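Read the structure below first, then the notes.
The values are calculated or read from the model by the stated rules, or taken from the named source; none is laboratory data. For clarity, every value in this text was computed on a predicted model and none was experimentally measured. Here Cβ is always computed from backbone atoms with ideal geometry, including for glycine, and neighbour counts include all displayed protein chains.
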Ligand SMILES: Cc1cc2nc3c(=O)[nH]c(=O)nc-3n(C[C@H](O)[C@H](O)[C@H](O)COP(=O)(O)OP(=O)(O)OC[C@H]3O[C@@H](n4cnc5c(N)ncnc54)[C@H](O)[C@@H]3O)c2cc1C
């Protein structure tokens, strides 16, 4: 299918990921034990297929957001764990690709792109979620190194990451200008991880830093801006993952209503079911356009895409929740049975409206931009 925002090679890349998904991701979805172990295996498979470089900026280049978006939608269609294994390599290394020194980039970026090292992005704290600027993890200079002390929570890849990008307070006070980003090698002493279990499998945990040695990333005091720049670039891709999940739910529903008979007819023959299918389809296609447009604008050279990125994430994640819910409804009782694909999607899709900025925070970002533009 032609797409106004994708080049031919984005479509080919998505095709390659679909073939990968068909071959490697159709099985093993029912096993929800050990998401961290499965993430490791999935990262290896993605590395073997040479897909991880699409999530990671080359040491002296920029990340192509449309590639990120194309791969995430195609992966999330099959498996949200595979999507997360892929996306975290980018989220956890993006700030490094922006401001790292040559030595830092050489040390980490190729290893992350090869999948030898898993990456994590640790900004959330128990008392600093939506309000990232309230981060309390403390960074103090100790000779040539820095040492971190504090707790990060709800961290994807906690315990399996080899590299953590961590937001911490390097100066006294509450001002965002006192926050810096740090690189932490997971082999360093003073890291304690507690696994957390979410409603759908996800490699999630709390990470406690106890005077952990860390390396400053970029300039001191620029951590908050860098964390926001990372979220800004990755927002369309969360929307893309949502589109992938919604597309899968839609396909499952489509198959179901053509096979299931009630009152002597296939469900697809009832007009209200047809209305549902049409609405789901339009909902999905509309959100997909916003996602791809945001990625296209970023790839066109925009430094930041606060309005377009937030619109893409908000529209797509809210759409996916609606579409998956309707797919469950069209399945009737079978839709809530453990083992049904739509049941799994129903649980998996929920956190997309929360992570990397809740829907409410996206609305605040959009409104701020609208008000700024109308001044
Ligand atoms: C599966 C999953 C993976 C995650 N992975 C990571 C990760 O890798 N790294 C990381 O750092 N974090 C991660 N997070 C954390 C995530 O980014 C936070 O959960 C999110 O930012 C919300 O923060 P919070 O949970 O503290 O909620 P809170 O900020 O406490 O928000 C609670 C509610 O209040 C609303 N709210 C807050 N402020 C306002 C406001 N000003 N106006 C209106 N409503 C408001 C929110 O929208 C929400 O509905 C992950 C979370 C999940 C669920």
Exercise. Only one of these conditions is not met by residue 351: (1) out of contact with any helix residue (DSSP H, G or I) (no Cβ under 6 Å at 6 or more places or on another chain); (2) more than 18 Å from residue 87 (Cβ to Cβ); (3) within 16 Å of the ligand (Cβ to nearest atom). Which number is it?
Worked result: (2)
Problem set entry | Pick from region 356-374, criterion part of a loop (DSSP other than H, G, I, E, B) and out of contact with any helix residue (DSSP H, G or I) (no Cβ under 9 Å at 6 or more places or on another chain), ranking: nearest to the ligand (Cβ to nearest atom) | 358
Exercise. Taking region 354-374, which residues are in contact (Cβ under 8 Å) with a residue 40 or more places away in the chain and within 20 Å of the chain's Cα centre (by Cα)?
Worked result: 355, 356, 357, 358, 359, 360, 361, 362, 363, 365, 366
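Would you confirm whether any residue within region 303-315 is part of a helix (DSSP H, G or I) and without any contact (Cβ under 8 Å) to a residue 24 or more places away in the chain? Give the steps one after another, and end with the answer.
Initially, region 303-315 is screened for residues part of a helix (DSSP H, G or I), giving 306-315.
Checking the rest, the ones that are also without any contact (Cβ under 8 Å) to a residue 24 or more places away in the chain come to none.
No, there is no match, as no residue in region 303-315 is part of a helix (DSSP H, G or I) and without any contact (Cβ under 8 Å) to a residue 24 or more places away in the chain.
With the condition kept exactly as written, say whether any residue in region 286-300 is more than 16 Å from the ligand (Cβ to nearest atom), more than 30 Å from residue 8 (Cβ to Cβ), in the same structural domain as residue 239 (by TED's automatic domain parsing) and in a loop (DSSP other than H, G, I, E, B). Working first, answer last.
Narrowing region 286-300 to residues more than 16 Å from the ligand (Cβ to nearest atom): 286-300.
Next cut, more than 30 Å from residue 8 (Cβ to Cβ) only: none.
Scanning region 286-300, I find no residue that is more than 16 Å from the ligand (Cβ to nearest atom), more than 30 Å from residue 8 (Cβ to Cβ), in the same structural domain as residue 239 (by TED's automatic domain parsing) and in a loop (DSSP other than H, G, I, E, B), so the answer is no.
Please note which strands (runs of 3 or more DSSP E) are completely contained in region 146-251 and include at least 1 residues that are touching a residue at least 12 places away in the same chain (Cβ under 8 Å) and buried (at least 23 other Cβ atoms within 10 Å of the Cβ). Please lay out each step first, then the result.
Working: elements: 163-169, 179-185, 191-196, 204-217.
So the answer is 163-169, 179-185, 204-217.
Confirm whether residue 95 is under 21 Å from residue 229 (Cα atoms), in contact (Cβ under 8 Å) with a residue 40 or more places away in the chain and either within 16 Å of the ligand (Cβ to nearest atom) or not in a loop (DSSP other than H, G, I, E, B) (or both). Outline the logic, then answer.
Values: under 21 Å from residue 229 (Cα atoms): yes; in contact (Cβ under 8 Å) with a residue 40 or more places away in the chain: yes; either within 16 Å of the ligand (Cβ to nearest atom) or not in a loop (DSSP other than H, G, I, E, B) (or both): yes.
Against the criterion (under 21 Å from residue 229 (Cα atoms), in contact (Cβ under 8 Å) with a residue 40 or more places away in the chain and either within 16 Å of the ligand (Cβ to nearest atom) or not in a loop (DSSP other than H, G, I, E, B) (or both)), residue 95 qualifies.
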Problem set entry | Selected residue (only one of 143, 162 is within 21 Å of the chain's Cα centre (by Cα) and either within 12 Å of the ligand (Cβ to nearest atom) or assigned by TED's automatic domain parsing to the domain that holds residue 211 (or both)) | 162
Exercise. Do you know which residues across region 17-46 are over 20 Å from the mean Cα position of the chain (by Cα) and at negative phi?
Worked result: 19, 22, 23, 24, 26, 27, 30, 31, 33
Seminar exercise, completed: Note on residue 130: of the conditions (1) over 21 Å from residue 62 (Cβ atoms); (2) in a strand (DSSP E or B); (3) near the ligand (Cβ under 9 Å from one of its atoms), unmet is (2)
Seminar exercise, completed: The residue that is nearest to the ligand (Cβ to nearest atom), considering only those in region 98-121 that are more than 16 Å from residue 226 (Cα to Cα) and not in a helix (DSSP H, G or I), is 119
Seminar exercise, completed: Checked against (1) surrounded by fewer than 24 Cβ atoms within 10 Å (Cβ to Cβ); (2) more than 27 Å from residue 181 (Cβ to Cβ); (3) touching a helix residue (DSSP H, G or I) at 6+ places or on another chain (Cβ under 8 Å), residue 33 satisfies every condition except (3)
